[in-house]
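What follows is one structure encoded as structure tokens, with my remarks underneath.
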Amino acid sequence: MAVTHMARFEEIPEPGEMELRGVYKSFGPGKEVLQDVNLKIPKGSFTCLCGPSGCGKTTLINIMAGFIQPDIGECLLDGRTVTGPSSDRLVVFQETALLPWKTLWENTIYGPMVQGKDLMEVAERAEALINMVGLGGFEESYPSQLSGGMQRRAELIRALINEPKVLLLDEPFRGLDAMTRQIMQEYIIRVFESTGVTVLFITAELEEAIFLGDRAYFLTVRPAQVKKGLVIDLPRPRNFQHLTSRRFLELEREAIDTVDDEAKKAFSAMMESQKTRR
């Protein structure tokens, strides 16, 4: 299913650049999650983060969002230390956070209205965003009346209307069926290419990371470190024809080779943990 009629935004905020330097995080003895994590998310780029289940990807997102602080090291936005949450960094989580008692329109404009912004200005951008993700005509629908994919699109525009410098997405397509996931991949690419916002996208799907990203970082098992960074030199605008290109397959093979050992280690650790509980 092709995504068409995507608006371009001529007046958008300057995208941000994020960096993690020597980040270490533990939640107690024997609960080290991150160890000496170093990575950079360039301004206006789409960066994917991959790693075994439970390796600390969500912890990294929470540090970048400012929800938690690293024990050692620092997280920077445009060269300044992140000390807490801010509207310049917004998170789209795995589970929907739409307000069930509000319509799609009310959910979309909620953030800016709470901030006291002008309704006419907000309404114009809200209309453009809603149409951009193909939700025109559903403005008066409540979340329970929207499909899973439509709710994910609503989450995206609810974040984008606040004009963040960086959009942090924590496996936002998890649990979607294959067809809906493919549609959502098309939408997130078009949203990125239309707005220019800096994106960090967590995914467990290697094909998805290669298809969406400008670069991908691969994490080790816990305590996680960056095992490898991979530059994805596929052309933009990106479309599904790239999935069958020779370069795509080369990049996917390199990604598989990178994560193979870590996946085996994660599986062995899980089996050992299950034996210990018995």
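The values are calculated or read from the model by the stated rules, or taken from the named source; none is laboratory data. Since we're looking at a predicted model, the values are computed, not measured. Cβ coordinates were reconstructed from backbone atoms using ideal geometry, including for glycine residues, and neighbour counts include every protein chain displayed.
A few remarks follow.
- Residue in region 212-244 that is farthest from Ser45 (Cα to Cα), counting only those that are of a type in the set (Lys, Arg) and in a strand (DSSP E or B): Lys227
- Within region 114-164, considering residues that are of a type in the set (S, T, N, Q) and in a helix (DSSP H, G or I), the one farthest from Gly175 (Cα to Cα): Asn131
- Beta carbons closer than 6 Å, at least 6 apart along the sequence or on distinct chains, pair a first residue in region 134-155 that is more than 22 Å from Ile189 (Cα to Cα) with a second that is β-branched (Val, Ile, Thr) and modelled with pLDDT of 95 or more for Glu140/Thr103; Tyr142/Thr103.
- Residues located in region 83-104, provided they are more than 30 Å from Asp71 (Cβ to Cβ) and touching a helix residue (DSSP H, G or I) at 6+ places or on another chain (Cβ under 7 Å): Thr96, Leu98, Leu99, Pro100, Lys102, Leu104
- Any chance Leu200 is modelled with pLDDT of 90 or more, of a type outside the set (Gly, Ala, Ser) and part of a helix (DSSP H, G or I): no
- Residue match in region 93-113 (condition: surrounded by fewer than 17 Cβ atoms within 10 Å (Cβ to Cβ), closer than 23 Å to Tyr217 by Cβ and touching a residue at least 12 places away in the same chain (Cβ under 8 Å)): yes
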